[in-house]
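I have placed the structure first, in the form of C-alpha cells, so that the comments after it can refer back to it.
Throughout, read-outs are computed from the coordinates displayed, never taken from laboratory work. These figures come from a predicted structure and were not determined experimentally. Every residue, glycine as well, gets a Cβ built from its backbone with ideal geometry; the counts of neighbours run over all protein chains shown.
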Amino acid sequence: MTGPVAGPVTGPAPLRVGVVGVGMMGADHAVRLAGRAANATLVAVADPDVDRAERLASSFEGVRAFADPLELVADDGVDAVVIASPGFVHEEQVLACIAAGKHALCEKPLTMDAESSLRVVEAERAAGRHLVQVGFMRRFDPEYVAMKAMLDAGDLGRLLLVHNVHRNKTVPDGFLSEMIVRDSLVHEVDVCRWLFGEEIVEITVHSPAPTSEAADGVVDPQVAVFRMAGGGMATSEVFVKCGVGYEVRCEATGEHGNATVGLGSGVLVRSANRWGGSIPDDFRVRFAQAYDAEVQSWVDATRRGEVTGPTAWDGYAATVVCEAGMESLRTGSPMKVSLA
Ligand SMILES: NC(=O)c1ccc[n+]([C@@H]2O[C@H](COP(=O)([O-])OP(=O)(O)OC[C@H]3O[C@@H](n4cnc5c(N)ncnc54)[C@H](O)[C@@H]3O)[C@@H](O)[C@H]2O)c1
C-alpha cells in the first residue's frame with residue numbers, strides 16, 4: 001500500500017492536529033493539544049456523535065467538527081491525527097492515516113486482534129516509513145521512565161521479576177472478562193516488553209474467585225503470569241471493580257535490588273483522627289503527566305517526520321499477547337506466544 005507522503009512539518013508552523021473520537025480520552029487529548037502542547041494546534045475533532053463533537057469544538061477557537069472521522073483524516077488542513085475512538089474502529093482509521101501519509105497517535109489497543117494489527121504493520125512497511133505511535137503512555141510517566149533508566153544503566157543488575165498491580169475504582173457492567181485482558185492488561189503487557197527489552201513468550205491468565213461486585217460471569221480480578229524470552233517472569237493483578245480508586249504499581253526486581261513505581265500518595269493529610277494521602281479516581285489524574293509527555297513527544301517527533309514512541313510493531317506484539325491471554329482465560333492453560 002502506498003499513498004501520498006506528507007513531508008515533515010518543520011519551521012515555525014505548529015502541527016495541525018485532528019482528534020478522532022472525543023469521548024473521555026479524546027476530549028482529554030483535545031484539551032491537552034489546544035492548551036498545553038507546544039508547537040501543536042488543535043484544528044478539528046470528529047465523532048459520529050456529532051453533537052458531542054460540535055460541543056467540544058465550540059469550546060475552542062477555530063476548531064472544526066466532523067461527523068465522519070475519515071473526512072477529518074483526509075482533510076488538507078489536518079497534518080496529523082490522534083485516534084481515541086473505540087478499539088474496533090482503530091484499524092480502518094489508522095490505515096486511512098497511513099494511506100494519507102499522516103502520522104497517527106492511536107490509543108491502545110492498536111486493533112482488536114493479531115491479524116488486523118499485523119495489517120497495520122504491513123501497511124506501514126509498504127508505505128516505507130513509520131507513521132503510527134500507540135498510546136502506551138506509561139512509557140512517558142516520570143516514575144516508569146526513571147525505573148527504565150535505572151534498569152538500562154544496570155543499577156539493579158539483570159532484571160529477573162516484575163510485579164504489576166492495576167486497579168480501577170469501577171467500570172461499566174459491559175466491561176467483560178476479555179476486555180480486562182485486551183483493554184487493561186495490555187498496558188502491563190507493553191510495560192513488561194519495554195522494561196525487559198524482550199518479547200513475552202508465554203502467558204497464563206488465572207481466574208481467582210470474583211468480587212461480588214463483578215457482573216454475572218465476569219472474571220474480576222484476574223492474575224496474569226508472563227514468561228519472558230530471556231527466562232524472566234512477571235505477574236499482573238488486574239482488578240477493575242476494586243472500589244478504592246485508580247491504583248497502578250510496578251515493582252521490578254533485579255539481581256542487585258528492586259525499584260517500585262506508583263507508591264506516591266500526594267500530600268500527606270492528618271485530619272478527623274485519620275492520616276494519609278489520596279488515590280485518584282481515574283487514569284486521567286494518575287497519568288496526567290504521562291499523557292502530556294506522550295503527546296508532546298509525539299508532536300515533536302511528528303514535526304521531524306519520525307516515530308520515537310511505541311510503534312505499530314509494539315501495538316501488534318501487545319495484541320498478540322492479549323489474544324493468547326484471552327485464550328488462556330477461556331481454557332485455564334498457559335498459552336505460547338509467537339509473533340509473525
Ligand atoms: N491510554 C489510556 O490510559 C486509556 C484510557 C482509557 C481509554 N483508552 C482508549 O481510548 C479509546 C477511547 O476510549 P474512551 O474511554 O475515551 O471511550 P468513550 O466511550 O468515552 O469515547 C469513545 C468516543 O468515540 C466515539 N466513536 C464511536 N464510534 C466512532 C468512530 N467510528 N469514529 C470515531 N469516534 C467514534 C464515541 O461516540 C465516543 O465519543 C479506546 O481505544 C480506549 O481503549 C486509553
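Among the lysines of the chain, pairs that are 8 or more positions apart or on different chains and have alpha carbons within less than 27 Å of each other number 6.
The spread of Cα positions in the chain, taken along each principal axis and listed from longest to shortest, comes to 55, 51, 45 Å. Each of Gln222, Gly174, Val244 was placed along the dipole of the chain (beta-carbon charges, centred on the mean Cα), and the one lying farthest toward the positive end is Val244.
Rounded, prolate or oblate: which one fits segment 75-223, using the alpha carbon gyration tensor with axes a ≥ b ≥ c (rounded when a/c is under 1.5, else prolate when a/b beats b/c, else oblate)? It comes out oblate by the Cα gyration axes.
A Gaussian network model of the chain, with springs between Cα atoms under 10 Å, assigns the largest mean-square fluctuation among Ala209, Ala65, Ala46 to Ala209. Measuring r between the beta carbons of Val223 and Leu176 and using R0 = 22 Å, the FRET efficiency lands at 0.80.
Over all orientations, segment 64-145 has a Cα convex hull whose mean projected area works out to 6.2 square nanometres. Given R₀ = 25 Å, FRET efficiency for Ala340-Asp300 by Cβ-Cβ distance, to 0.05? Here the calculated transfer efficiency is 0.25. Using Cβ point charges alone (K and R +1, D and E -1), the dipole size of segment 15-138 about the Cα centre works out to roughly 540 debye. With both labels modelled 7 Å from their Cα along Cα-to-Cβ, the Met233 to Thr211 distance reads 2.6 nm. Taking every DSSP bridge with both residues inside the chain, close to 55 percent are antiparallel. Modelled this way, with points 7 Å down the Cα-to-C-beta line, the labels at Val145 and Ala288 are 1.7 nm from one another. Modelled this way, with points 7 Å down the Cα-to-C-beta line, the labels at Glu71 and Phe88 are 2.4 nm from one another.
Taking packing as the residue-averaged number of other Cβ atoms within 10 angstrom, the listed peptides 211-218, 312-319, 95-102 run from highest to lowest as 312-319, 95-102, 211-218. Our helix-only sum for the chain, with -39,500 (n - 2.57) per DSSP H run of n ≥ 4 divided by its residues, gives a mean residue ellipticity at 222 nm of -10000 deg cm²/dmol.
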